[in-house]
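Comments concern the structure below.
The values are calculated or read from the model by the stated rules, or taken from the named source; none is laboratory data. Bear in mind the structure is a predicted one, so any value in this text is a computation, not a measurement. Here the Cβ positions follow ideal geometry from the backbone for every residue, glycine too, while neighbour counts run over all protein chains shown.
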Amino acid sequence: MLKNFMRLESLSVFMPAYNEEENMAQALGECAKALPQLAEDFEVIVVNDGSKDRTKEILDTIKPSLPFLKVCHHERNQGIGAALRTGIAKASKEFIFITSADLQFDIRELAALIPLSRTSDIVSGVRLFRPSYGWYRRMVTAINLLLLRLFFGFRTQDPNWVKLVRREVFKTVHITSPRFFCLAELLIQAKQQRYRIAEVEVHSSGRKYGKSVGGTLRAAFTTFFELCLFWLRSRK
């Protein structure tokens with residue numbers, strides 16, 4: 001039960017999904033329960049980014065029963081950055097909440113971000129702990145944070161976790177990174193354009209079903225490549 005919370009007037013929840021057949025129905029069910037308490041008017045936008053499992057079928061089956069649900073399908077996997085651009089284009093509410101369909105974030109904890117939205121343009125969630133992180137992912141995370149500081153002079157505790165963003169931010173912030181660097185790019189561009197950014201601690205849980213693609217060696221190299229490419233472009 002949510003207590004002592006503030007409500008938003010309107011909210012778009014964006015969920016990218018790639019091979020989330022075991023999580024999709026539960027994620028949407030939790031949204032249906034929690035969002036009426038968090039926003040006067042809301043919608044949920046799921047971008048199925050070329051899933052190879054039953055994610056598309058499940059979404060198309062569920063959609064008629066959830067009037068707040070918008071579904072977009074990418075024919076092939078394009079990456080979370082591309083999915084984010086699709087979701088932003090479909091969003092119609094004052095705020096956009098960026099989360100995932102893997103159930104690692106309890107949608108009810110959005111209540112912790114809402115109060116800061118009164119004085120901030122972006123509220124970025126910071127994971128209190130990361131139960132599924134071994135030494136490798138902790139090392140990659142530390143290197144990523146160091147590079148953000150060295151390349152851009154930007155300090156943040158958790159660039160790749162949930163975000164509550166005023167939709168008007170995306171009128172001037174245009175995401176170019178197709179994959180894993182996109183959320184860090186969002187924060188960097190917003191900081192450069194003097195948007196107000198706040199951070200707040202929230203809980204996270206380990207993935208129970210499905211396989212994460214964000215913690216692989218390939219993902220680490222992709223992120224580093226996109227970071228360098230964005231840095232080079234920003235110097236022109």
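Figures for the structure shown
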quantity	calculated
Hits in region 81-104 - residues which are closer than 13 Å to Asp41 by Cα and out of contact with any Leu (no Cβ under 9 Å at 6 or more places or on another chain)	Ala91, Ser92
Selection count where residues are over 16 Å from the mean Cα position of the chain (by Cα) and closer than 25 Å to Leu164 by Cβ, scope region 24-54	15
Qualifying position, being closer than 25 Å to Leu38 by Cβ, buried (at least 20 other Cβ atoms within 10 Å of the Cβ) and touching a Gly at 6+ places or on another chain (Cβ under 8 Å), among Phe105, Phe180	Phe105
Among (1) touching a helix residue (DSSP H, G or I) at 6+ places or on another chain (Cβ under 9 Å); (2) over 18 Å from Lys191 (Cα atoms); (3) modelled with pLDDT under 90, the one test that Pro178 misses	(3)
Set Cys31, Cys72: member being buried (at least 21 other Cβ atoms within 10 Å of the Cβ) and in contact with a helix residue (DSSP H, G or I) (Cβ under 9 Å, 6 or more places away or on another chain)	Cys31
Residue, farthest from Phe230 (Cα to Cα), within region 144-167, restricted to residues that are in contact (Cβ under 8 Å) with a residue 60 or more places away in the chain and more than 15 Å from the chain's Cα centre (by Cα)	Asn144
Residue list for region 183-212, filter: buried (at least 16 other Cβ atoms within 10 Å of the Cβ), closer than 21 Å to Asn144 by Cα and not aliphatic (A, V, I, L, M)	Glu185, Gln189, Lys191, Glu199, Ser204
In region 179-201, the residues that are outside any helix (DSSP H, G or I) and either closer than 19 Å to Arg155 by Cβ or without any contact (Cβ under 8 Å) to a residue 12 or more places away in the chain (or both)	Phe181, Gln193, Arg194, Tyr195, Arg196, Ile197, Ala198, Glu199, Val200, Glu201
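Residues checked against (1) over 20 Å from Gly87 (Cβ atoms); (2) aliphatic (A, V, I, L, M); (3) modelled with pLDDT of 95 or more:
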| position | (1), (2), (3) |
| --- | --- |
| Leu187 | no, yes, yes |
| His203 | yes, no, no |
| Gly206 | yes, no, no |
| Gly210 | no, no, no |
